[in-house]
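Beneath this line is the structure, given in structure tokens, with notes to follow.
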Amino acid sequence: MKKILPVITLFILAMTLLLALASCDKGSKDTPSLISTSPQETTTPAPETTTEPSHEHSYTEVVTPPTCTEGGYTTYTCSCGDTYVDNQTDPLGHDWGEWKTTVAATCTAVGTETRSCTRCDATETREIPKAAHNYVATVIPPGKTTQGYTKHVCSVCGDSYNDNYTNPTGSVGLDFTVNPDDTITITGIGTCTDEDIIIYSTYYVDEQGNSKVVSSIAANAFRDNTTIKTISIPASVTSIGDGAFAGCTKLTEFKVESENKNFSTVGGVLMSKDGSTIVAYPAGLNLTTYTVSASITTIRPSAFAGCANLTVFEVASGNARFTTVDGVLYDSDKITLIAYPAGKASTSFTLPDTVEKIGDYAFYKATKLSAITLNDRTYESDGTTVDVPGISSIGSYAFYGCTGLTKITIPNITTAVNTYAFANCTKLAEVNIGSGLKTISTHCFEGCTAIKYLLIPETVEVIDDYAFYDCTNLTTLVLRSGVKEIGYRAFTNCLNKGTDSTGKNIARVYYEGTASKWNSSEITIDASNWMYLTMYADLYFYSETDPGSGNYWRFVDGVATPYR
């Protein structure tokens, strides 16, 4: 302990001396001594000392203002060199001006823009994203086989893309009707002039580009067209009516979209999807013989209508549904005549005794045929057993357009002669109607321009709409007493033959009844016929004896003859 005490004492003295030397004494005029002595302790006299005045700091201020990046402050400095800093402030931060484009962005490259600080030389640059393309849109309308679309091309760089695709138009101008389910049925050629008809699943129904799904092709839609060469049928078509392509004499091929679930083609012939039904044979196909394959179970009525190049039908062995006799196609029992080859050179034809029905379109446009014998029913010697059944019915369009046919006798056993059966037989001058027929169907003899004399037997009750429409050379009409109804335009454009030298009409109508019956409810005559039956023709009423005056007639040797 005695050793440590002197050391501590010396340390304290040293520190006191250092503090005294480093600072100014503000409260004393004398400089104090480090070691205090008294006169008794020294023999040396005290030196003579000088008293200095005391020092007070006098600071000057230097203000350093803040900058964008450095803070501000005030510096205080004393003449003695003492200094300190106070009043510090934060940096101001940059005062940025507006961004200015230095490199403009385009649709292919980014741009740059720069801004500067208003207080310093600092600048800042950033990237401008690529500009949007300046697309100009052009609508490319669909073509017959090409899609329509909108083409967008950038006017700056030429970049382009297409969108808004629309289906090809296919053949435009076709007639159609809208079905209850909002699909459409193609009904005719309309204003279309295409030789190659293309029908797509959707068909444009107006100029605004609205379209509807094509679900069917109507009966007789393209009948007798003489310019069509091919027809393309879309997948959406589920039904095709009879006669849709009958008599299309330039048509050589059908095409069916592979996705169609109902139809297909074999060698250009329109078939059912499973190949069991012949739907339509191209009437312009340049083949003289067609063989019905063994797999065929059904032939549509109009399948071979107007095939003017066909002269012979054949049936493959193994087919149990059909047969042929002399190149003519029948069902296997030869009860129904299905198709007579329109190109057959024969001018006359007699049906086999077994035939009872002549199918629809059977002789359609067999133009070389001038005479045909339709069997009536005959009996064996006992008078009750049927020997020859006879023709009970004649189908629709059966002899349509047989322009060489000059005479037809409808058997007494025949009870049905269907629509258009003898229409447009332009050389048909003699028509004999059997006793079994009660109705002459619509359009049955339309356009038979060679008929001059026509006797409607007493068994006929109805002459249906357009039955003799456009029989322009009809001059004498005999209506027997059984007629109860004459339909719309049944005799339009008939009996208009002018007048003779005496001013009387050349055309005459002989009605086997009285004037009162003619004007009664016992007979209904559509108003469309009045002008032709009573104005263009002189009307005669039946009388067994000569009344002495007026227009009356009677039969003389089976011929209607007026009394005067």
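Just so it is clear, none of the values below were taken in a lab; they were calculated from the coordinates. Bear in mind that the values here come from a model prediction, so they are computed numbers and not experimental data. Glycine gets a Cβ as well: all are built from the backbone with ideal geometry, and neighbour counts include every protein chain shown.
Contact map, the range 544-561: residues that are in a strand (DSSP E or B) paired with residues that are charged (D, E, K, R) and exposed (fewer than 10 other Cβ atoms within 10 Å of the Cβ), Cβ distance under 7 Å, separation 6+ or inter-chain. Pairs shown: R554/E544.
Residues of the range 84-106 that are more than 17 Å from K130 (Cα to Cα) and outside any loop (DSSP other than H, G, I, E, B): Y84, V85, D86, N87, Q88, T89, W96. Here the strands (runs of 3 or more DSSP E) wholly within the range 134-199 that include at least 1 residues being of a type outside the set (S, T, N, Q) and in contact with a Pro (Cβ under 7 Å, 6 or more places away or on another chain) are 148-154. None of P180, P168 is without any contact (Cβ under 8 Å) to a residue 24 or more places away in the chain, on the phi < 0 side of the Ramachandran plot and of a type outside the set (A, V, I, L, M, F, W, C) except P180.
Just checking, how many residues over the range 273-298 are crowded, with 21+ Cβ neighbours inside 10 Å, closer than 22 Å to I228 by Cβ and of a type in the set (A, V, I, L, M, F, W, C)? So the count comes out to 4.
Consider the range 237-251 and keep the residues that are in a loop (DSSP other than H, G, I, E, B) and either hydrophobic (A, V, I, L, M, F, W, C) or in contact with a helix residue (DSSP H, G or I) (Cβ under 8 Å, 6 or more places away or on another chain) (or both). The one that is surrounded by the fewest Cβ atoms within 10 Å (Cβ to Cβ) is V237.
Of all residues in the range 202-236, those being buried (at least 18 other Cβ atoms within 10 Å of the Cβ) and part of a loop (DSSP other than H, G, I, E, B) number 10.
Scan the range 265-272 and give yes if some residue there is buried (at least 17 other Cβ atoms within 10 Å of the Cβ), more than 26 Å from the chain's Cα centre (by Cα) and of a type in the set (S, T, N, Q), otherwise no.
As a first pass, look at the range 265-272 and keep what is buried (at least 17 other Cβ atoms within 10 Å of the Cβ): 265, 269-271.
Still in the list and also more than 26 Å from the chain's Cα centre (by Cα): none.
No: zero hits.
State yes or no: is V460 touching a strand residue (DSSP E or B) at 6+ places or on another chain (Cβ under 9 Å), part of a loop (DSSP other than H, G, I, E, B) and touching a residue at least 24 places away in the same chain (Cβ under 8 Å)? Against the criterion (touching a strand residue (DSSP E or B) at 6+ places or on another chain (Cβ under 9 Å), part of a loop (DSSP other than H, G, I, E, B) and touching a residue at least 24 places away in the same chain (Cβ under 8 Å)), V460 qualifies.
S116 satisfies every condition listed in (1) surrounded by 12 or more Cβ atoms within 10 Å (Cβ to Cβ); (2) under 30 Å from D196 (Cβ atoms) except (2).
Restricting S481, S521, S501, S516 to those that are over 19 Å from E430 (Cβ atoms), hydroxyl-bearing (S, T, Y) and in contact (Cβ under 8 Å) with a residue 40 or more places away in the chain reduces the list to S481. For the structure I just gave you, tell me whether T384 is surrounded by 14 or more Cβ atoms within 10 Å (Cβ to Cβ), out of contact with any helix residue (DSSP H, G or I) (no Cβ under 6 Å at 6 or more places or on another chain) and without any contact (Cβ under 8 Å) to a residue 24 or more places away in the chain. In short, no. Yes or no: A398 small (G, A, S), within 25 Å of L287 (Cβ to Cβ) and buried (at least 17 other Cβ atoms within 10 Å of the Cβ)? The answer is yes for A398.
Exactly one residue out of G284, G306 is in a loop (DSSP other than H, G, I, E, B), touching a residue at least 60 places away in the same chain (Cβ under 8 Å) and in contact with a Cys (Cβ under 8 Å, 6 or more places away or on another chain): that is G306.
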